[in-house]
Amino acid sequence: GKDINDQDDPSTIASLTTDVIIDMDPLLKTEIRLPEGFQLQQNLNKNNEEAATKEEAQTDNDELNDAESKDMKVTAFEVSGIIDYDKLVDQFGSRIIDEELMKRLERLTVGRGNVPYLHRFLRRNIFFSHRDLNRICDCLENNEPMYLYTGRGPSSSAMHLGHLVPFLFTQWLQQAFQCPLVIQMTDDEKFLFKGSFVSEQEQEERGCEADNLNHFASLTTENARDIIACGFDKDKTFIFSDLDYVGSMYPNIVRIWKAITTNTVHGIFGFDGSSNIGKVAFPAIQAAPSFASSFPVVLNAPRKIEKDNNNANMACLIPCAIDQDPYFRMTRDVAHKLVHHKHPLGGKPALIHSKFFPPLQGAEGKMSSSDENSAVFLTDSPDNIQRKIKENAFSGGQKTKALQQEFGADLEKDVSYQWLRFFLEDDEELEAIGKSYGSGQGDYWSTGQVKERLVQVLLEIVSQHQARREHITDDVVKQWMTERCLVKNDNTSA
């Protein structure tokens, strides 16, 4: 017979529909009607979900890796993002200051009566990484001569609290080790990287010079006042401007230039064909003070080793923020070419690295002189300091009182607490503030109370610094910057 779909014979359809009752509802539904088909659909859905999950996870991982690579950037010229210091130590190849080394330092400083206790920057892991610090300890134990070297690039007339960190620690090291110190003012570098030339028309209109090199030279004097106010021992400290002193270092600068290729410098510092030749040449100038023979008068260190004068073999320790490490990795690679074979570290400078002092807007990167509201300057008034802390210091506290008292603050993100870690001397008080603020309970449960305590600490530090700086005249600065001998022939301080 004919198919039911055959439209040529309506009577057939009528007889069929009359004789057989067909339930059409199940056929019109979208559900899977066979168990096998239902299972197949479930398997397909599961596979699709797993594939989507894997794709999403890979996307998240890629985004996380991109975020990590974008978040942390640490070079000799730029610091930004959230800093992972363990990762940074691995990348740079330095070493963490461990408990054993800390105890050794304490024995050689506090144990000798030179200082009452380890500096808070050491106690709180702010100076946290090193290169050959253990070898410096060897020199101290063997009564072999050593000296300190640090520096400052004068980019503004007023230094901020972040600039103060390495100098406060270096002052402690000088007292703890009872050793001479040289401080390099890289006014030449600032002109090479930030300086400018002035057109003839502008010179005529403004009555100015053809460039602003002398501007950076003048900043050296201003910054030297702040450095001197940190309390260094004048009889053991020499502050020098590269523009003035480079002649004495020049033989060693030439040796460093000879030892290092431009490819090496480009690879370390990222210079390219657009960089002026001064930028490419400058790393050798920052490296030169690592060698005692760059100071034939100041350290009484003639390059030629003499029978009764071994000062050219003095070991050098450099306290600095860890972003300056690339300069001295480069230096350490060629150091053996510039010293006598009996140098205790093979000519290599030792380093002790600090973490970065966070800007007010958030505990990442480092503070900048170019952003007025990211920093507290040593010239700020009490009202200005209070305003900056209360208005700009990023809070790690919760959004409401109830949440704060339930969960407490994130101390790692809270700038006020982090600044207290740098500047509040009392360990017990700092711990109490941290416990209270971190739990949302007690005397310092709120952000406002922590900020208020920080303001008190900063006002005391800045006011005392300003009082000392007020008495440092141009003539006083010249005395500190006058080339003179800081050591005797028997390798003891003058």
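The values are calculated or read from the model by the stated rules, or taken from the named source; none is laboratory data. Since we're looking at a predicted model, the values are computed, not measured. Using ideal geometry, Cβ is built from the backbone for each residue, glycine included, and neighbour counts are taken over all protein chains shown. To get the accessible areas, we keep the full protein, side chains included, count just its heavy atoms, and leave off ligands, DNA and RNA. Shrake-Rupley method; radii C 1.70, N 1.55, O 1.52, S 1.80 Å.
How many angstrom lie between the C-alpha centres of the range 185-234 and the range 293-359?
The range 185-234 and the range 293-359 have Cα centres separated by 27 Å.
Hey, can you find the accessible area per residue of the range 97-161 for me, probe 1.4 Å, expressed in square angstrom?
39 Å²
Pop a pseudo-label 7 angstrom from the Cα along the beta-carbon direction at both Asp244 and Gln456 and give the gap in nm to one decimal.
4.2 nm
Tell me, what % of the accessible area of the range 372-486 is carbon and sulfur with a 1.4 angstrom probe?
Numbers: 2860 of 5950 Å².
In the range 372-486, the share of accessible area belonging to carbon and sulfur is 48 percent.
Express the accessible area of the range 398-491 per residue in Å², computed with a 1.4 Å probe while the remaining protein chains stay in the model.
For the range 398-491, the per-residue accessible area is 55 Å².
For q = 0.10, 0.11, 0.16 Å⁻¹, what log10 I(q)/I(0) does the range 372-486 give under the Debye formula with an equal point scatterer on each alpha carbon and no solvent?
Results for the range 372-486 at q = 0.10, 0.11, 0.16 Å⁻¹ read -0.39, -0.45, -0.76.
Based on alpha-carbon positions alone, could you give the equivalent ellipsoid semi-axes of the range 73-357 from the gyration tensor, as √(5λ), descending, whole Å?
On the way: eigenvalues 189, 95, 81 Å².
So the equivalent ellipsoid measures 31, 22, 20 Å along its semi-axes.
By the scheme Lys and Arg +1, Asp and Glu -1, what is the net charge of all other residues having a beta-carbon under 14 Å from that of Gly93? Before the final figure, lay out the partial values.
Values: positive: Lys87, Arg95, Arg131, Arg329, Arg332, Lys348; negative: Asp86, Asp90, Asp132, Asp325, Asp333.
Once all neighbours under 14 Å are counted, the net charge is +1.
Between Ile96 and Glu200, what length comes free when the chain is fully extended (0.36 nm per residue of separation minus the Cα-Cα distance, one decimal in nm)?
Here the answer is 32.1 nm.
Among all lysine pairs in the range 276-400 that are eight or more places apart or on different chains, how many have alpha carbons less than 17 angstrom apart? Don't skip to the end; give the middle numbers.
Working: Lys304/Lys337; Lys304/Lys342; Lys307/Lys342; Lys337/Lys348; Lys355/Lys366; Lys366/Lys388; Lys390/Lys399.
Pairs that pass both the separation and distance tests number 7.
Testing the spin-label approximation: label points 7 Å from Cα along Cα→Cβ at Asp474 and Asn276. State their distance in nm.
2.6 nm
Could you calculate the FRET efficiency of Phe407 with Glu429 from 1/(1 + (r/R0)^6), where r is the beta carbon distance between them and R0 is 22 Å, rounded to 0.05?
Numbers: r = 23 Å, r/R0 = 1.05.
Taking R0 as 22 Å, the efficiency between Phe407 and Glu429 is 0.45.
Please give the peptides 193-199, 181-187 ranked by average Cβ packing (other Cβ atoms within 10 Å per residue), highest first, as a rough proxy for protection. If you can, show how the numbers build up before the last one.
On the way: 193-199: 12.9, 181-187: 24.0.
Ranking the peptides 193-199, 181-187 by packing returns 181-187, 193-199.
Which percent of the accessible area of the range 61-167 is formed by carbon and sulfur heavy atoms (probe 1.4 angstrom)?
Ligands and nucleic acids excluded, carbon and sulfur give 43 percent.
With θ taken as phi - 60° and the coefficients 6.51, -1.76 and 1.60, list the Karplus ³J(HN,Hα) couplings across the range 137-147 in order, rounded to whole Hz; mark glycine and proline as x.
4, 4, 4, 5, 5, 8, 6, 8, x, 8, 9
At 0.36 nm per residue, and after removing the present C-alpha to C-alpha distance, how many nm does the segment from Val297 to Phe193 gain when stretched out fully?
Numbers: separation 104, 0.36 × 104 = 37.44 nm, distance 3.02 nm.
Extending this stretch completely gives an extra 34.4 nm.
Pop a pseudo-label 7 angstrom from the Cα along the beta-carbon direction at both His336 and Ala76 and give the gap in nm to one decimal.
Placing both labels 7 Å beyond Cα along the Cβ direction yields 2.2 nm.
Can you tell me the order of 237-245, 435-443 when each peptide is scored by its average per-residue count of other Cβ atoms within 10 angstrom, highest first? Please report the intermediate quantities before stating the final value.
On the way: 237-245: 20.9, 435-443: 17.3.
Going from most to least packed, we get 237-245, 435-443.
What are the ³J(HN,Hα) values, in whole Hz, obtained from phi via the Karplus relation 6.51 cos²θ - 1.76 cosθ + 1.60 with θ = phi - 60°, for each residue of the range 421-431 in sequence order, with x given for Gly and Pro?
Whole-Hz 3J(HN,Hα) from phi for the range 421-431: 4, 6, 10, 7, 6, 6, 5, 5, 5, 4, 5.
Rounded to the nearest 0.05, what FRET efficiency is calculated for Thr261 and Thr400 with R0 set to 60 Å and r the Cβ-Cβ distance? Display every interim value, and only then the final one.
Numbers: r = 60 Å, r/R0 = 0.99.
Efficiency, rounded to the nearest 0.05: 0.50.
What order, most packed first, do the peptides 468-481, 401-414 have when packing is the mean number of other Cβ atoms within 10 Å of each residue? List each step's numbers first, then the result.
Details: 468-481: 13.5, 401-414: 16.1.
Ranked from most to least packed, the peptides come out as 401-414, 468-481.
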